Amino acid sequence: MKINLDSMNESEWQKLIADFERHLRAERGLAELTIRNYKADIQPLFDYMCLKDIADVRALDRSILRGYLAWLTELGYVRHSVSRKLSTLRTFLKWMSSKGIIEGDPLPKRGIMRVPKRLPRFLSQEQAERLMGAPDATKPTGLRDQALLEVIYGAGLRVSEASNLRVTDINLSTREIRVRGKGSKERVVLIGETAKSALALYLRDGRPKLAGKGSGMTLFLNRFGGRLSQRSIQEKVRRYSVKAALPSGVHTHTLRHSYATHLLEGGADLRVVQELMGHASP
């Protein structure tokens, strides 16, 4: 069966997997259930290739495969599941190398291709919307909390970054927020119209009623006019997640990684998402 290696569409991928399946059955003598598991473990690689517009399977190299493993982790696969997919990937690449489909094995034998640590679970977009709507927007504190949730989720902020925001960091006309991250590194992130609207309402109707003499330019204020602490933010996310009937264990990091997951699902480049979140490149 001839396979067009430099135009790896769905049809050509299925031809390649069919050849791999015959190898697993005839040469390795694997059971049908095991073969089905192998096929399921290798399918996300094709999904990632489509996401990254990689049309030639021979283009797979160590850098691309590192990005693939990071992508699996961002999507919420547990560490054990990613490790199993890595093991299957090794078998698949070794088979392609033996058939002359690719040159050599792009995966090192050990050490360099470490499986990333599991990221927190993420919310569906419907769950995120329920959470955003949980605060009582008729109260100044509710306007604050709605804006807070929208900014953490809509910009992928760490809880410390949200707590440290200043009014002067917000540019509503361009929908930009200047964020001071780890190591005092600054980055600029964009927010959507919903987060912009929530911030505008808070700045107009909520913050002035919370502000006091010592508030300065701090963006998110507590009821005494001081900075809303990281612990308070974490508690509010927990409380609103309960109100929104979300699964247990939702916290600020869940919102941050929901942001990353939804960007990736929408076709965003992994490196761009990492930069937006203030991560170093892999």
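Here, each number is a calculation from the coordinates, and none is a lab measurement. Note that the structure is predicted; figures quoted are calculated from it, not measured. Glycine gets a Cβ as well: all are built from the backbone with ideal geometry, and neighbour counts include every protein chain shown.
Cross-link pairs exceeding 25 Å between alpha carbons, from the set 52/185; 213/243; 15/94; 185/213; 182/236: 52/185; 213/243; 185/213. Here r is the Cβ-Cβ distance between residue 97 and residue 124 and R0 is 45 Å; the resulting FRET efficiency, rounded to 0.05, is 0.70.
Based on Cα atoms of the range 125-276, Rg over Rh with Rh as the Kirkwood radius reads 0.94. Summary value for the range 10-98: 32 percent relative contact order, contacts being C-alpha pairs under 8 angstrom separated by 6+ residues. Extension gain for residue 224 to residue 87 (0.36 nm times residue separation, less C-alpha to C-alpha distance): 43.8 nm. Label-to-label distance, residue 204 versus residue 238, with points set 7 angstrom from Cα along the beta-carbon direction: 3.5 nm.
Modelled this way, with points 7 Å down the Cα-to-C-beta line, the labels at residue 61 and residue 136 are 5.9 nm from one another.
Note on 52, 236, 99: ascending count of other Cβ atoms within 10 Å places them as 99, 52, 236, the fewest first. Using the Cβ-Cβ distance between residue 178 and residue 25 with R0 set to 41 Å, the FRET efficiency from 1/(1 + (r/R0)^6) comes to roughly 0.10.
With a ≥ b ≥ c the root eigenvalues of the C-alpha gyration tensor of the range 10-98, is it rounded (a/c under 1.5), prolate (a/b larger than b/c) or oblate? Oblate, since a/c reaches 1.5 and b/c is not below a/b.
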